[in-house]
Amino acid sequence: MAVVLNGRTASSLTAMTTNDAGADHVRPGEERHKGPVLLRGEQAGGPTTDQRLLDSGGPSDWVHTDPWRVLRIQAEFVEGFGALAELGPAVSVFGSARTAPRDPLYALAEQVGRRLAAADLAVITGGGPGAMEAVNKGCCEAGGTSVGLGIELPFEQGLNEWVDLGINFRYFFARKTMFVKYAQGFIVMPGGMGTLDELFEAVTLVQTQKVTSFPIVLLGSQFWGGLIEWLRGPVQGAGNVWARDIDLLRVTDDVDEAVELVGTRR
């Protein structure tokens, strides 16, 4: 795993020792990270670390490989904890990697980053392009601390240029822990599978009381309204959730309201 400190954060955090995807293969000339290793061109192919962990090999392959992976997993947690331990109050913001700079949602995400920085809150994103980049950009330009938690993928995009403090993870579960442990709330912008995964993992942690006082704000009522309607309709109607579970999700179109909802420190 690699930790990246850009100039402004490197000087202010010297005491300290980041997706939705738009492709399903690696093309020649592309690059990806394999922990601290950079792979380009034909070398960028092959399975990711997560894939090797979760796939079953031969009848006894796991006996020889999986116990050693525990040390690598341990190292990811140690590195992440060490890098973020003195971050201070922060909010994790999720959104699509496919949001184009010309999309109004990109400008909205920049505004989120700026308002969080103005509220003395660091931002934590997946460190990729799209909405994540916009949030990091808004925060960085406003003088806030902009964090990106990247992940090893077959179609590696790398951390965006607006990340001050960046960590590249091999394993999704280690990365997800950092999103929750060092944030006091989530703002979730429109996104796809990765965004939905992060959203429902967060609400499950709150609903099961694994974390407390953890606001989750969905920004964009037109996008999220259908999801809330579905939860209150067939899902609640079948007895699979309680109304109070759905009430954990706060929907707004107002950036200031979103920042206010997540701004109360734990």
request  = Could you tell me, in Å, what Rg and Dmax come out for the Cα atoms of the range 139-263?
outcome  = 15.7, 48
note = By the Cα gyration tensor axes a ≥ b ≥ c (a/c under 1.5 gives rounded; else a/b larger than b/c gives prolate, otherwise oblate), the shape of the range 138-180 is oblate
message = For a Förster distance of 30 Å, can you work out the FRET efficiency between the beta-carbons of Ala119 and Asp247, rounded to the nearest 0.05?
response = 0.80
Label-to-label distance, nm, for residues given as Arg98 and Gln236 (7 Å Cα→Cβ offset) = 3.0 nm
request  = Provide the gained length on full extension for the span Glu141 to Glu260, in nm with one decimal, where the gain is 0.36 nm per separating residue minus the Cα-Cα distance.
outcome  = 40.8 nm
remark   = Env charge @ Pro101, Cβ radius under 10 Å, K,R +1 / D,E -1, value -1
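Every number here is computed from the coordinates shown, using simple stated rules; none is lab data. This one's a predicted model, so the numbers in the text were calculated from it and none came from an experiment. Every residue, glycine among them, receives a Cβ derived from its backbone with ideal geometry; neighbour counts consider all protein chains shown.
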